[in-house]
1. Tally the residues that are in a loop (DSSP other than H, G, I, E, B) and of a type in the set (A, V, I, L, M, F, W, C), restricting the search to the range B:124-162.
2. Has the range A:434-452 got at least one residue that is modelled with pLDDT of 95 or more, farther than 28 Å from A:Asp245 by Cβ and surrounded by fewer than 17 Cβ atoms within 10 Å (Cβ to Cβ)?
3. Using the structure shown, decide if A:Glu116 is more than 10 Å from chain B (Cβ to nearest Cβ), surrounded by fewer than 24 Cβ atoms within 10 Å (Cβ to Cβ) and either touching a His at 6+ places or on another chain (Cβ under 9 Å) or modelled with pLDDT of 95 or more (or both).
4. Given A:Asn258, A:Asn204, A:Asn211, which one is at pLDDT 95 or above, on the phi > 0 side of the Ramachandran plot and more than 22 Å from the chain's Cα centre (by Cα)?
5. B:Ile219: part of a helix (DSSP H, G or I), in contact with a Cys (Cβ under 8 Å, 6 or more places away or on another chain) and either within 13 Å of chain A (Cβ to nearest Cβ) or surrounded by fewer than 24 Cβ atoms within 10 Å (Cβ to Cβ) (or both), yes or no?
6. Report yes if some residue within the range B:142-157 is crowded, with 24+ Cβ neighbours inside 10 Å and either within 28 Å of A:Val65 (Cα to Cα) or outside the structural domain of B:Leu351 (by TED's automatic domain parsing) (or both); otherwise report no.
7. What about B:Gly97, is it at the interface with chain A (Cβ under 7 Å from one of its Cβ atoms), in a helix (DSSP H, G or I) and among the small types (Gly, Ala, Ser)?
8. Quick one: which residue in A:Val29, A:Val89, A:Val71, A:Val38 is at the interface with chain B (Cβ under 7 Å from one of its Cβ atoms), part of a loop (DSSP other than H, G, I, E, B) and crowded, with 17+ Cβ neighbours inside 10 Å?
Protein chains: 2
Amino acid sequence: MTPEEFRVAGHALIDWISDYRQRIDQLPVRAQVAPGEVRQALSVIPPSRPDSLEAVMADLESIVVPGITQVQHPMHYGWFPSNASLASVLGDIASSGLGTLGISWESCPALTEVEEVVCDWLRQLTGLSEQWEGTIHDTASTACLTGLILAREKATQYSETKGGLQSEEKPLVIYTTEEAHSSITKAALLAGYGKDNLRMVAMNPLDRSMNPEALAEEIAIDRRAGNRPAAVIASVGSTGVTAVDPVEALARIADKENLWLHVDAAMAGSAMLLPECRGLWQGVEMADSISWNPHKWMGTILDCSLFYVKDPQHLIRVMSTNPSYLRSTVDGEVTQYRDWGIPLGRRFRALKLWFHLRLDGIDAIRERLRRDLENAKWFATKVESADHWNVVSPVNLQTVCIRHTPPGLEGDALDQHTLNWVNRINQSGEAFMSPSILDGRWMVRVSIGVESTERAHIERLWRILQSSAEAAADEQKAI
Amino acid sequence: MTPEEFRVAGHALIDWISDYRQRIDQLPVRAQVAPGEVRQALSVIPPSRPDSLEAVMADLESIVVPGITQVQHPMHYGWFPSNASLASVLGDIASSGLGTLGISWESCPALTEVEEVVCDWLRQLTGLSEQWEGTIHDTASTACLTGLILAREKATQYSETKGGLQSEEKPLVIYTTEEAHSSITKAALLAGYGKDNLRMVAMNPLDRSMNPEALAEEIAIDRRAGNRPAAVIASVGSTGVTAVDPVEALARIADKENLWLHVDAAMAGSAMLLPECRGLWQGVEMADSISWNPHKWMGTILDCSLFYVKDPQHLIRVMSTNPSYLRSTVDGEVTQYRDWGIPLGRRFRALKLWFHLRLDGIDAIRERLRRDLENAKWFATKVESADHWNVVSPVNLQTVCIRHTPPGLEGDALDQHTLNWVNRINQSGEAFMSPSILDGRWMVRVSIGVESTERAHIERLWRILQSSAEAAADEQKAI
């Protein structure tokens with residue numbers, strides 16, 4: 001395709017995207033397709049001759065769009081906000097158009113240095129001190145795996161340079177809670193710690209935050225058993241119920257015990273843009289690594305996960321490679337981001353943060369986040385004040401966990417009722433929420449924060465919730 | 001930013017990208033900026049109020065572009081081809097515009113199913129049998145780490161579910177060569193094997209391919225020592241000199257010894273689109289995992305690395321997570337790509353492959369790859385037939401490794417001469433190549449295969465090479 005053909009096609013595509021974003025609230029929130037339906041609409045055989053752009057865009061419209069759960073829809077309250085602000089989309093388009101290659105500073109100095117700048121902008125904007133240096137990973141899963149590998153190597157005095165983890169005689173142990181994100185267990189297993197050496201520390205039953213005394217005790221038990229405590233992973237705003245571990249208390253323990261402390265603020269990091277929320281991660285300066293995702297609530301399009309460390313030399317020592325074909329005369333003077341994470345090659349992801357922050361400005365972003373916090377408060381108050389409705393977990397941020405408990409329903413019948421009313425809504429396409437398990441019973445997470453979600457949408461959601469729960473209860477009675 | 005504002009801005013950006021791609025051959029190939037120059041041009045303080053698009057695009061033009069080493073430039077012969085075909089860029093733009101979230105099939109059925117379809121298209125197009133199932137990773141580094149974690153878990157009967165790698169008494173060992181990509185050593189260390197358990201198997205000195213007898217011998221030595229051989233990583237088209245390990249012979253050994261065989265064809269996978277090149281990975285059907293990067297020579301924009309396995313159940317067993325908030329009624333019926341790699345969240349990367357294959361068609365892509373192979377042959381013949389010039393490694397694909405050896409120059413003086421003439425060219429911005437070390441001495445890799453590189457560019461390169469080498473030799477004599 002020539003640049004001139006691209007110009008024509010690009011204009012058509014931009015128009016299509018603009019139209020799509022304008023009509024998104026008329027689409028069903030949850031994709032209405034059955035398993036295999038998209039696949040069956042596509043050719044099994046790869047195309048040998050070029051198709052026209054019109055044909056590809058027609059398929060985009062008729063096959064792809066119906067197969068999307070519209071997370072940019074104002075009535076999307078599922079999982080977590082996954083905003084793709086159009087300002088950041090422009091940055092992503094610029095990145096694609098430039099077609100750069102990030103494998104060393106020399107391969108694209110601008111890619112490296114814009115990343116340095118925007119990571120530092122976000123450091124300032126979240127109130128972190130100058131001791132932190134950041135980079136962009138794809139997701140918090142990868143950032144967390146990186147953190148746990150760093151912890152492993154620090155605890156073993158760099159076992160990788162010797163016999164690896166398998167040469168260690170006493171098992172390394174890591175500590176988190178059951179409320180922590182599933183990616184933490186996954187990262188612990190991938191990094192080789194093993195399930196037996198992953199401790200799920202007891203939580204405060206009211207807010208599902210890690211109990212520091214329980215952590216101290218678990219560590220003491222491990223030390224007595226001859227194990228080697230290596231790392232604590234603290235969640236700030238867990239995915240499930242936005243639980244907030246007491247970072248400061250955990251940091252004191254980690255410091256005393258010489259453990260790596262990784263703070264996972266994947267969703268809640270966006271809230272740290274608001275000075276009034278920073279109490280939630282009080283003590284964060286004592287951590288060793290932090291990750292959070294601008295690609296969630298803040299709205300810089302996926303994939304954009306920030307990973308901060310205080311000591312990049314430690315990161316570089318574990319992650320560094322220096323093949324001869326990548327050497328250059330500036331080695332030592334410049335940042336080589338290939339040594340700050342797992343992949344060698346990287347896209348120019350910093351551009352989407354750069355465009356987003358410059359075109360929207362942080363003032364507007366902060367205003368939107370505050371709007372969402374207000375909406376969550378308003379919604380929680382409505383739920384709490386209604387008969388048979390409950391908010392089942394503290395509303396620390398923008399997620400409200402709720403249950404509808406009609407008189408006489410409990411146990412499995414209540415579970416069935418919960419799934420009935422939420423599935424009824426999800427299937428309708430009018431709104432979408434994630435049912436989730438809390439203390440062994442289903443509840444529904446209402447995660448507020450899509451860029452286009454205004455108070456009127458929340459009011460509408462509340463009406464839909466009430467009528468769906470009533471209809472489900474009636475139906476269940478009738479059976 | 002509203003969709004209407006995005007429309008206007010998007011059109012301006014598309015025009016800018018089209019213009020940029022048209023004038024790319026007038027830009028210096030290697031970025032001419034000094035370390036810190038880009039950073040110093042940017043604001044230290046994050047913007048609070050919105051900037052205009054004009055201001056951002058002016059900075060893109062005046063600060064970012066000069067900071068890019070232009071890998072889309074027809075005179076770029078560095079590292080490896082990193083083509084970002086404009087057809088694939090359109091797919092990437094569509095992905096950004098849709099702003100989808102891939103964390104489960106339910107979150108975007110189309111993302112999952114288009115990925116299934118395009119991975120199968122590429123399977124067919126590279127002549128792999130139906131036993132392979134694929135997914136898209138960001139880079140071959142990540143794919144290789146995944147392969148080595150799978151190997152580790154298979155060899156330990158899933159140690160992760162128990163005490164992890166650290167519970168194993170006899171060390172697992174993996175086998176590769178010094179010619180293999182640096183990411184393999186990195187992956188081995190990250191996966192916890194440790195440097196002591198990474199064997200660099202002897203190579204055939206002429207073509208730097210792994211010697212199968214040497215592999216068999218190393219395995220035997222390890223078995224006698226009580227170690228546990230776990231995996232072989234075979235390179236098909238290494239980054240350094242496009243060395244090709246004898247996959248079939250290695251596969252027989254791996255099969256007999258019950259080792260995992262990962263085939264790293266990051267760059268050369270594109271050549272497998274050509275039936276006449278498939279002899280290079282003869283035996284690949286016996287491997288356990290394969291990775292190759294359409295984002296290199298084939299030209300689907302970074303990041304797009306294919307990872308194929310024969311047994312996804314094994315992959316899922318090691319990588320799976322299933323938190324309650326991600327459960328849905330279709331679990332078990334659909335593919336959950338979160339269980340096929342490290343990250344939970346994924347972009348709709350399949351769209352760039354889908355657009356690329358549909359808009360360009362495989363016939364045209366194959367024609368271009370054949371053009372590059374012919375150009376490499378032509379260039380190698382020119383070099384070989386010129387006085388004092390040598391091709392120093394077999395030309396298996398599109399990379400030609402050369403040295404200029406003026407009479408009387410050897411050892412360190414020859415190294416200095418090599419670096420002198422290549423740096424002279426790289427600094428000029430006229431062309432760019434990667435110097436690299438072979439058998440302890442510098443040589444220059446001429447990696448052919450940028451989408452816009454025609455025979456005339458290679459002819460020009462050959463003239464530049466000769467005059468630069470002569471000038472460097474004269475200069476060195478003068479000293």
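The values are calculated or read from the model by the stated rules, or taken from the named source; none is laboratory data. Given the structure is predicted, the values throughout are model-derived calculations rather than measurements. Cβ sites come from the backbone with ideal geometry, for glycine too, and all protein chains shown count toward neighbours.
1. Taking the range B:124-162 as the starting set, the residues that turn out to be in a loop (DSSP other than H, G, I, E, B) are B:126-132, B:138-139, B:156-158, B:162.
Now drop any that are not of a type in the set (A, V, I, L, M, F, W, C), which leaves B:128, B:132.
Adding up the residues that qualify gives 2.
2. yes
3. Values: more than 10 Å from chain B (Cβ to nearest Cβ): no; surrounded by fewer than 24 Cβ atoms within 10 Å (Cβ to Cβ): yes; either touching a His at 6+ places or on another chain (Cβ under 9 Å) or modelled with pLDDT of 95 or more (or both): yes.
No: the conditions fail for A:Glu116.
4. Details: A:Asn204 fails: on the phi > 0 side of the Ramachandran plot; A:Asn211 fails: on the phi > 0 side of the Ramachandran plot.
Result of the check over A:Asn258, A:Asn204, A:Asn211: A:Asn258.
5. Working: part of a helix (DSSP H, G or I): yes; in contact with a Cys (Cβ under 8 Å, 6 or more places away or on another chain): no; either within 13 Å of chain A (Cβ to nearest Cβ) or surrounded by fewer than 24 Cβ atoms within 10 Å (Cβ to Cβ) (or both): yes.
In short, no.
6. no
7. Numbers: at the interface with chain A (Cβ under 7 Å from one of its Cβ atoms): yes; in a helix (DSSP H, G or I): yes; among the small types (Gly, Ala, Ser): yes.
Spelling it out, B:Gly97 is indeed at the interface with chain A (Cβ under 7 Å from one of its Cβ atoms), in a helix (DSSP H, G or I) and among the small types (Gly, Ala, Ser).
8. Answer to the selection: A:Val71.
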